[in-house]
1. Just rank LEU92, LEU14, LEU70, LEU39, fewest to most, by other beta-carbon atoms within 10 angstrom.
2. To the nearest 20 Debye, how big is the dipole of the range 19-97 about its Cα centre, given +1 on the beta carbon of each Lys and Arg and -1 on that of each Asp and Glu?
3. In µm²/s, what is D for the range 19-97 at 20 °C and 1.002 mPa s, where D = kT/(6 pi eta Rh) by Stokes-Einstein and Rh is the Kirkwood radius from Cα pairs?
4. Which lysines have a Cα less than 30 Å from the Cα of LYS85, not counting those fewer than 8 places away in the same chain?
5. Per residue of the chain, what 222 nm ellipticity follows from adding -39500 (n - 2.57) for every DSSP H run with n ≥ 4, rounded to the nearest 500?
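Derivation of every value follows stated rules applied to the coordinates shown; laboratory data play no part. The structure presented is a predicted model; accordingly, all values stated were derived computationally and were not measured. Every residue, glycine as well, gets a Cβ built from its backbone with ideal geometry; the counts of neighbours run over all protein chains shown.
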Amino acid sequence: MPKIKEATEIELDLDNPQMYKVLLHNDDYTPMDFVIDVLMKIFHKDIESANDIMWQVHEKGRAICGVYVLEIAKTKVEQVRSVAKANGFPLLATYEKE
């Protein structure tokens, strides 16, 4: 029996996943150097970006650290909570829909 190859065109309509902003919130106890360290280690920011974000947190009360799909946003928030708690600081990270 001969093999017949048939070309077909398939058009997929894929939606982009919902993205979430991860935010750091200001408090009166967490040192600025610690916030910069968190931004560099957890969010992979360079020193200049980390410093800029830290000042936004300090002056505006909160700042966006990154935008991620839901599971990664949740992981980043948990990483911040864990490292802050381990170091005795109340640094708060949250996420919200973009």
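1. Lowest count first: LEU14, LEU70, LEU92, LEU39.
2. Using Cβ point charges on Lys, Arg, Asp and Glu, the range 19-97 gives about 340 debye.
3. In µm²/s, the coefficient is 177.
4. Correct list for LYS85: LYS21, LYS41, LYS45, LYS60, LYS74, LYS76, LYS97.
5. -13500 deg cm²/dmol
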